[in-house]
Amino acid sequence: MGMMMKKIISCRECGIRKNQQPIVDKVPFNDNLIMCVDFAAHKLPEKEMTDSGSGKCFPIKELLRPAMEEMEKNGYDFYYTYLLKCVPLLNGMIRKPFSYELRNCFRHLCEEIDELQPKAVLLLGHNTYLPVLSLLGLRFKKWNGVYFDIYWHKEIGYIPVSHPAMLEKSRPHQYEIYIEGINNVLQRCIKH
């Protein structure tokens, strides 16, 4: 993991490098790994920038905790990362990345996936799953409720799901069903 992390941190392929956040979660030493990919890191206060393993850097962990607990009982560990390793900002607000920025960060995500060989990759939210599936050459089909589909690429299952933060805000009553949907799709993916 050391070389890959150094390569990502030293990346200077595009102009958003100055906004790089703690980008790589601690990798569990477990062959049964599930990768969770969020869109972009949040802009953190300077004092938290080096805290690369904390929940502050990957706040989505808490919203996925019920799904994590179920999978951890079955011997799986979770690894968290971002599609965009550096935050594309415009006047202090996250902006839509340019296509070359997205492709560059996608290349680093592919390196993480190739090195870690997760059993499943959860793509959190449409800002993440639409570009990732497209760049993999896969076409997204709208899902039915929380029956999430699995898209296979190089023997790894990619699972696009609604972003849990959006669900928490707009449909909190569906949160338990959402977590159950994630557990079901992960089980289907792993049994494949």
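The numbers here are math on the coordinates, done by the rules we state, and not lab data. Keep in mind it's a predicted model, so treat the numbers as computed, not measured. Positions of Cβ are backbone-derived with ideal geometry, glycine not excepted, and every protein chain shown enters the neighbour counts.
Taken one residue at a time, the phi angles of segment 178-186 give Karplus couplings (6.51, -1.76, 1.60, θ = phi - 60°) of 4, 4, 4, x, 5, 4, 4, 5, 5 Hz. Gly and Pro are set to x.
Between their Cα atoms, which of Lys73/Lys96; Lys85/Lys142; Lys6/Lys141; Lys6/Lys142 are more than 30 Å away from each other?
Details: Lys73/Lys96 38 Å; Lys85/Lys142 27 Å; Lys6/Lys141 36 Å; Lys6/Lys142 37 Å.
Exceeds cut-off: Lys73/Lys96; Lys6/Lys141; Lys6/Lys142.
Using the average count of surrounding beta-carbon atoms within 10 Å as a protection proxy, the listed peptides 98-108, 29-39 rank, highest first, as 29-39, 98-108.
Report the local net charge at Asn32: Lys and Arg +1, Asp and Glu -1, summed over other residues whose C-beta lies under 9 Å from its C-beta. Please list the in-between numbers first.
On the way: positive: Lys119; negative: Asp31, Asp77.
Residues close to Asn32 contribute a combined charge of -1.
Based on the Kirkwood radius over alpha-carbon pairs, what value in µm²/s does the Stokes-Einstein equation return for the translational diffusion coefficient of segment 81-176 at 10 °C and 1.306 mPa s? Roughly 109 µm²/s, to the nearest whole number.
Proximity of backbone amide H atoms, modeled 1.01 Å from N, is registered between Gly157 and Val121 at under 5 Å, excluding neighbours fewer than 5 places apart on the same chain.
In this structure, the amide hydrogen of Leu89, modeled 1.01 Å from its nitrogen in the peptide plane, lies closer than 5 angstrom to those of Arg95, counting only residues at least 5 positions away or on a different chain.
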